[in-house]
Amino acid sequence: MSAAALVAEILEKSGLTQAELARRAGLQRSVLNAYLRGHREPGADALLRIAGAAGVKLELEERKPPVDPQRASYILNQVLGLAEALPYRPRADMAYPPLKDRLAKPASA
């Protein structure tokens, strides 16, 4: 959730006008409006003041990982199984070009 969406939700739940919420939070209405439009990002202290002024409690939640570890493990096992099923054909020795002798002795005069 973006900060703008959070401020908008706080404003909606409070039932206050932008001007009244800003006044109670000790902010200018233009600043609150900039937060709502996403033109400015409120800091944690500003969010707490806005929520407190609205009578709303902010809580932190533990985020779920973006990938389910069990599902990722299942998919990885499938991929590894498919890789093992591929035919293995060893290549013949690769012929590398000969290295030039960079430390060759200069010809005697």
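Just so you know, all these numbers are worked out from the coordinates, no wet-lab data involved. If you're wondering where the values come from, they're calculated on a predicted model, not measured in any experiment. Counting neighbours? That spans all protein chains shown, and the Cβs are built from the backbone with ideal geometry, glycine included.
A few remarks follow.
- Residues satisfying the stated conditions in region 33-44, i.e. under 18 Å from Lys57 (Cα atoms) and not in a loop (DSSP other than H, G, I, E, B): Ala44
- The residues listed here are Gly55, Gly81, Gly43; of these, the one that is out of contact with any Asp or Glu (no Cβ under 8 Å at 6 or more places or on another chain), loosely packed, with under 11 Cβ neighbours inside 10 Å, under 18 Å from Arg23 (Cα atoms) and not hydrophobic (A, V, I, L, M, F, W, C) is Gly43.
- Condition met for Ile50 (β-branched (Val, Ile, Thr) and touching a residue at least 12 places away in the same chain (Cβ under 8 Å)): yes
- Members of region 12-28 that are surrounded by 15 or more Cβ atoms within 10 Å (Cβ to Cβ) and on the phi > 0 side of the Ramachandran plot: none
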